[in-house]
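Engineer: The structure follows.
The values are calculated or read from the model by the stated rules, or taken from the named source; none is laboratory data. The shown structure was predicted, so the numbers you read here are calculated from the model rather than taken from an experiment. We place every Cβ from the backbone using ideal geometry, glycine too, and count neighbours over all the protein chains shown. Ligands, DNA and RNA are stripped out before the accessible areas are found, and what is left, the full protein with its side chains, is counted by its heavy atoms. Shrake-Rupley method; radii C 1.70, N 1.55, O 1.52, S 1.80 Å.
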Amino acid sequence: MATVGDLLTSGTARLRASGSESARLDAELLLGWVIGAERTALIAHPEAPVGADAAAAYESAVARREAGEPVAYIRGVKEFYGLAFAVDARALIPRPETELLVVEAEHEAAWRLLCAPRPPGTPPLRIVDVGTGSGAVAVALAVVLRKRRMLPEVSVLAADVSADALDLARENAVGHAVADEIAFAQADLLPDGAPVFDLVLANLPYIPSGDIAGLPVAASFEPRLALDGGPDGLGLLRRLLAVLPSALAPEGTALLEIGFDQGPAVETLVAALGEDWSCLIREDLSHNPRVAHVERAAAGAARAAFPGDY
Ligand SMILES: C[S@@+](CC[C@H](N)C(=O)[O-])C[C@H]1O[C@@H](n2cnc3c(N)ncnc32)[C@H](O)[C@@H]1O
């Protein structure tokens with residue numbers, strides 16, 4: 001009978017030969033998934049025997065990975081913001097750099113709910129996640145706001161043009177017990193007749209069409225609709241920025257994920273909205289420009305008037 005160590009060695013060699021840059025990690029994740037064990041247990045017990053059925057399932061998983069399929073799609077799960085999200089070919093696999101969007105959204109929501117004046121009768125904070133995909137941003141934010149007991153004061157809308165992605169987002173909302181707190185809408189950017197929003201969050205596709213063919217093969221398993229940002233990558237961001245003046249409340253903020261090299265272009269697009277608009281770009285943990293904060297200058301002034309620890 002094969003052991004954990006045997007299977008990891010053979011799987012790693014095959015995946016390395018197929019071009020995976022994380023062959024050992026991939027093999028550990030796939031074997032751990034098949035036998036229901038943590039990676040640490042695999043590493044601690046290489047001598048443990050693996051039954052024939054599990055070895056066959058591992059063989060099939062390694063073959064899928066050899067063909068380029070992302071480990072997350074094979075396992076059907078991806079961790080994002082410390083939460084397990086169901087993932088499959090209906091939507092983009094959430095990326096770690098997008099966690100910054102959730103961090104910034106939490107800060108923006110917390111500042112508005114805890115530091116700014118909210119007289120009785122103030123309506124809930126309206127938040128929209130445009131291009132929600134698997135629901136990663138909307139669901140993670142709802143979970144964190146629930147932990148902070150802020151959820152009753154917030155209304156979250158998750159929108160996507162893809163009905164398939166919305167189905168997956170709903171499933172993830174159910175999985176994290178926030179389905180009743182999130183509304184879902186199929187829409188090209190924002191639904192017609194939507195109210196103004198206090199926070200507009202978006203990780204829309206921003207890869208230039210011509211760069212898609214050069215992406216790692218794993219990306220070819222993801223929906224093109226989730227990747228392709230048009231000829232210069234900015235097509236959808238440009239369209240969303242154009243509707244912000246009517247979609248964003250006067251003191252609202254839009255948090256837009258951007259490509260590492262798109263900061264100057266996005267600043268130019270925001271400047272074209274008028275002098276009363278500002279754009280501040282925050283870096284991710286790799287020090288790449290990642291999230292553009294776009295708002296009217298009045299919103300920044302309001303924040304400065306009520307600083308606080310939130
Ligand atoms: C880069 S993926 C991001 C998914 C998810 N927000 C995340 O961060 O993992 C972009 C998403 O935008 C959606 N999308 C593309 N064009 C859109 C449009 N015109 N209106 C709304 N959503 C769109 C895609 O279907 C996809 O789910």
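Engineer: Would it be correct to say that Val200 is under 17 Å from the mean Cα position of the chain (by Cα) and under 30 Å from Gly274 (Cβ atoms)?
Structural biologist: yes
Engineer: Same structure, new question: Output the qualifying pairs, or none if there are none: Cβ atoms under 6 angstrom, residues six or more apart or on different chains, first residue in the stretch 131-149 and touching a residue at least 24 places away in the same chain (Cβ under 8 Å), second residue acidic (Asp, Glu).
Structural biologist: Between residues of the stretch 131-149 that are touching a residue at least 24 places away in the same chain (Cβ under 8 Å) and residues that are acidic (Asp, Glu), the close pairs are Gly131/Asp160; Thr132/Asp160; Val137/Asp129; Ala138/Asp129; Ala142/Glu181; Val144/Glu106.
Engineer: Kindly provide the set of residues from the stretch 59-93 that are touching a strand residue (DSSP E or B) at 6+ places or on another chain (Cβ under 6 Å), open to solvent by less than 10 Å² (accessible area, probe 1.4 Å) and part of a loop (DSSP other than H, G, I, E, B), ordered by number.
Structural biologist: Val87 - this is the single residue of the stretch 59-93 that is touching a strand residue (DSSP E or B) at 6+ places or on another chain (Cβ under 6 Å), open to solvent by less than 10 Å² (accessible area, probe 1.4 Å) and part of a loop (DSSP other than H, G, I, E, B).
Engineer: Name the pairs: first residue in the stretch 27-51 and under 26 Å from Ala67 (Cα atoms) and part of a helix (DSSP H, G or I), second residue of a type in the set (Phe, Trp, Tyr) and modelled with pLDDT of 95 or more, Cβ to Cβ under 9 Å, at least 6 apart or on different chains?
Structural biologist: Pairs found: Ala27/Tyr58; Leu30/Tyr58; Leu31/Tyr58; Trp33/Tyr58; Val34/Tyr58; Ile35/Tyr58.
Engineer: Sticking with this one: Is there any pair with a first residue in the stretch 225-245 that is touching a residue at least 12 places away in the same chain (Cβ under 8 Å) and a second that is of a type in the set (Phe, Trp, Tyr) and within 12 Å of the ligand (Cβ to nearest atom) whose Cβ atoms are under 8 Å apart and which are 6 or more apart or on different chains, and what are they?
Structural biologist: These pairs meet every condition: Gly229/Tyr206; Gly233/Tyr206; Leu234/Tyr206; Leu236/Tyr206; Leu237/Tyr206.
Engineer: Among the residues in the stretch 107-125, are any open to solvent by less than 10 Å² (accessible area, probe 1.4 Å) and within 16 Å of the ligand (Cβ to nearest atom)?
Structural biologist: No, the stretch 107-125 contains no residue that is open to solvent by less than 10 Å² (accessible area, probe 1.4 Å) and within 16 Å of the ligand (Cβ to nearest atom).
Engineer: Answer yes or no as to whether Leu157 is open to solvent by 10 Å² or more (accessible area, probe 1.4 Å), in a loop (DSSP other than H, G, I, E, B) and within 27 Å of Leu241 (Cα to Cα).
Structural biologist: The answer is no for Leu157.
Engineer: Only residues in the stretch 193-220 that are open to solvent by 20 Å² or more (accessible area, probe 1.4 Å) count as the first member; pair them with residues that are among the polar types (S, T, N, Q) and assigned to a helix (DSSP H, G or I), Cβ under 6 angstrom, at least 6 apart or cross-chain, and list the lot.
Structural biologist: The qualifying pairs are Asn203/Thr98.
Engineer: Going residue by residue through the stretch 10-27, is there one that turns out to be at pLDDT 95 or above, hydroxyl-bearing (Ser, Thr, Tyr) and crowded, with 21+ Cβ neighbours inside 10 Å?
Structural biologist: No: the stretch 10-27 contains no residue that is at pLDDT 95 or above, hydroxyl-bearing (Ser, Thr, Tyr) and crowded, with 21+ Cβ neighbours inside 10 Å.
Engineer: Looking only at the stretch 229-248, count how many residues are buried (at least 19 other Cβ atoms within 10 Å of the Cβ) and either within 19 Å of Ala158 (Cβ to Cβ) or near the ligand (Cβ under 10 Å from one of its atoms) (or both).
Structural biologist: Count: 7.
Engineer: Still on this structure, I have one more. Sort out for me the strands (runs of 3 or more DSSP E) sitting completely within the stretch 169-271 that have 3 or more residues that are over 30 Å from Ser22 (Cβ atoms) and either among the β-branched types (Val, Ile, Thr) or modelled with pLDDT under 95 (or both).
Structural biologist: Hits in the stretch 169-271: 248-257.
Engineer: Could you pull out the residue among Leu100, Leu114 that is at pLDDT 95 or above, under 27 Å from Ala301 (Cβ atoms) and in a helix (DSSP H, G or I)?
Structural biologist: Matching residue, one of Leu100, Leu114: Leu100.
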